[in-house]
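Heads up, the thing below is written out as structure tokens.
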Amino acid sequence: MPEMFDPVGKDTIARNLQRVRDAIASAAAKSSRDPSAARLIAVTKYVRADEIRSLIQLGVTDFGESRVQDAEKKIRELGAAVHWHLIGHLQTNKAQKGAALFQTIHSVDSTRVAEALHKEAKKLTERGEIKTPPSCLLEVNVAGEANKFGMKPDSSEIHELLRVCSSFDGIRIAGLMAMAPHSENPEPVARPVFRRLRELLDEANAARVYPHPLTELSMGMTQDYAIAVEEGATMVRVGSALFEKS
Ligand SMILES: *Cc1c(COP(=O)(O)O)cnc(C)c1O
């Protein structure tokens with residue numbers, strides 16, 4: 001985990017946010033996409049509730065956290081007015097909390113995780129504790145990095161998991177998620193990763209293995225979100241760029 005940032009003032013956050021929104025808009029324009037087609041998810045794992053409040057006041061509606069435990073207090077404090085995304089790995093013993101706290105879960109990478117979420121979400125729905133099934137993305141380890149979670153970038157494995165998930169009505173699979181390898185020069189490294197994820201999404205839709213269209217591509221972080229928008233991201237997960245001091 002990166003270290004927590006020192007508290008960051010609202011003016012700094014506002015300036016950073018504007019810069020990120022502008023970069024998303026120009027990347028969208030470059031690829032003839034509508035700027036609203038790529039949703040900004042503010043990754044707040046480095047900061048406390050105050051900075052999240054600043055972002056809410058500035059109109060940000062989507063927040064990403066890596067760990068259920070770290071997020072729980074913030075989510076309870078800030079309430080359900082915004083949309084919470086779990087972007088980090090989920091252990092099955094946290095599936096109940098994950099399904100209760102997050103509206104979108106970006107890190108489903110096995111039948112076990114999908115089934116655990118489905119079962120817990122169904123119980124929560126029956127008890128009236130959640131209103132809609134959590135939206136889930138299948139995480140794909142496109143670059144095959146040993147230190148990352150995610151499925152192999154293999155169409156038949158992805159299609160098989162989608163087929164299995166067709167019967168898990170407690171959750172709804174909405175698309176795919178990936179992270180590009182860390183790089184000082186992301187252009188040649190990240191672009192092929194994002195392009196491949198998009199192809200995998202197209203292949204899954206063409207194979208009709210899931211009863212609903214898969215529309216979401218969660219890809220891009222501070223180092224490479226502009227590239228991701230150019231390559232079709234519908235969600236970018238940006239943390240550091242929002243909280244840096246300069
Ligand atoms: C931390 C994290 C991000 C945000 O990273 P930044 O480089 O700070 O923008 C995005 N996605 C995932 C999965 C993360 O864990």
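Would you mind stating whether Ile158 is buried (at least 19 other Cβ atoms within 10 Å of the Cβ), in a loop (DSSP other than H, G, I, E, B) and more than 13 Å from the ligand (Cβ to nearest atom)?
On the way: buried (at least 19 other Cβ atoms within 10 Å of the Cβ): yes; in a loop (DSSP other than H, G, I, E, B): no; more than 13 Å from the ligand (Cβ to nearest atom): yes.
Taking the combined requirement at face value, the residue does not satisfy it.
For the range 116-134, check the following and say yes or no: at least one residue is under 28 Å from Ala190 (Cα atoms), outside any loop (DSSP other than H, G, I, E, B) and not basic (Lys, Arg).
No - not one qualifying residue is present in the range 116-134.
On the basis of being surrounded by 13 or more Cβ atoms within 10 Å (Cβ to Cβ), in contact (Cβ under 8 Å) with a residue 60 or more places away in the chain, among the acidic types (Asp, Glu) and out of contact with any Asp or Glu (no Cβ under 6 Å at 6 or more places or on another chain), does Glu216 make the cut? Please lay out each step first, then the result.
Working: surrounded by 13 or more Cβ atoms within 10 Å (Cβ to Cβ): yes; in contact (Cβ under 8 Å) with a residue 60 or more places away in the chain: yes; among the acidic types (Asp, Glu): yes; out of contact with any Asp or Glu (no Cβ under 6 Å at 6 or more places or on another chain): yes.
Yes: the conditions hold for Glu216.
Against the definition (at pLDDT below 95 and away from the ligand (no atom under 16 Å from the Cβ)), how does Glu126 come out, yes or no?
On the way: at pLDDT below 95: no; away from the ligand (no atom under 16 Å from the Cβ): yes.
No.
Give the number of residues within the range 89-137 that are touching a Ser or Thr at 6+ places or on another chain (Cβ under 7 Å) and either without any contact (Cβ under 8 Å) to a residue 12 or more places away in the chain or among the acidic types (Asp, Glu) (or both).
The number of residues fulfilling the criteria is 0.
Would you pick out the residues in the range 221-246 that are within 13 Å of the ligand (Cβ to nearest atom), farther than 23 Å from Val8 by Cα and part of a loop (DSSP other than H, G, I, E, B)?
Ala233
Filter the strands (runs of 3 or more DSSP E) completely within the range 1-98 down to those with at least 3 residues that are within 16 Å of the ligand (Cβ to nearest atom) and either under 20 Å from Leu117 (Cβ atoms) or among the β-branched types (Val, Ile, Thr) (or both). Outline the logic, then answer.
Details: elements: 39-43, 62-65, 83-86.
Because the criterion is at least 3 residues that are within 16 Å of the ligand (Cβ to nearest atom) and either under 20 Å from Leu117 (Cβ atoms) or among the β-branched types (Val, Ile, Thr) (or both), the strands (runs of 3 or more DSSP E) in the range 1-98 that meet it are 62-65, 83-86.
Table: residues versus (1) farther than 23 Å from Ala226 by Cβ; (2) loosely packed, with under 15 Cβ neighbours inside 10 Å.
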{"position": "Arg15", "(1), (2)": "no, yes"}
{"position": "Leu55", "(1), (2)": "no, no"}
{"position": "Ser66", "(1), (2)": "no, no"}
{"position": "Glu72", "(1), (2)": "yes, no"}
{"position": "His89", "(1), (2)": "yes, no"}
{"position": "Gln103", "(1), (2)": "yes, no"}
{"position": "Asp109", "(1), (2)": "yes, no"}
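When you go through Ala204, Ala190 one by one, which is the residue that is touching a residue at least 12 places away in the same chain (Cβ under 8 Å), over 24 Å from Ala80 (Cα atoms), within 16 Å of the ligand (Cβ to nearest atom) and crowded, with 16+ Cβ neighbours inside 10 Å?
Details: Ala204 fails: within 16 Å of the ligand (Cβ to nearest atom).
Testing whether each residue is touching a residue at least 12 places away in the same chain (Cβ under 8 Å), over 24 Å from Ala80 (Cα atoms), within 16 Å of the ligand (Cβ to nearest atom) and crowded, with 16+ Cβ neighbours inside 10 Å leaves just Ala190.
Check the range 182-199 and report whether any residue there is among the aromatic types (Phe, Trp, Tyr) and in a helix (DSSP H, G or I).
Quick first cut of the range 182-199, residues among the aromatic types (Phe, Trp, Tyr) only: 194.
Okay, now just the ones that are also in a helix (DSSP H, G or I), so 194.
Scanning the range 182-199, I find at least one residue that is among the aromatic types (Phe, Trp, Tyr) and in a helix (DSSP H, G or I), so the answer is yes.
Among the numbered criteria (1) away from the ligand (no atom under 13 Å from the Cβ); (2) within 18 Å of Leu138 (Cβ to Cβ); (3) touching a helix residue (DSSP H, G or I) at 6+ places or on another chain (Cβ under 7 Å); (4) part of a helix (DSSP H, G or I), which single criterion is violated by Leu214?
(4)
When both residues are 6+ apart or on different chains and their Cβ atoms are under 8 Å apart, which pairs have a first residue that lies in the range 223-242 and is aromatic (Phe, Trp, Tyr), and a second that is at pLDDT 95 or above and near the ligand (Cβ under 7 Å from one of its atoms)?
Tyr225/Arg237; Tyr225/Val238; Tyr225/Ala241
The values are calculated or read from the model by the stated rules, or taken from the named source; none is laboratory data. Bear in mind that the values here come from a model prediction, so they are computed numbers and not experimental data. Virtual Cβ from ideal backbone geometry, glycine too; neighbours counted across all protein chains shown.
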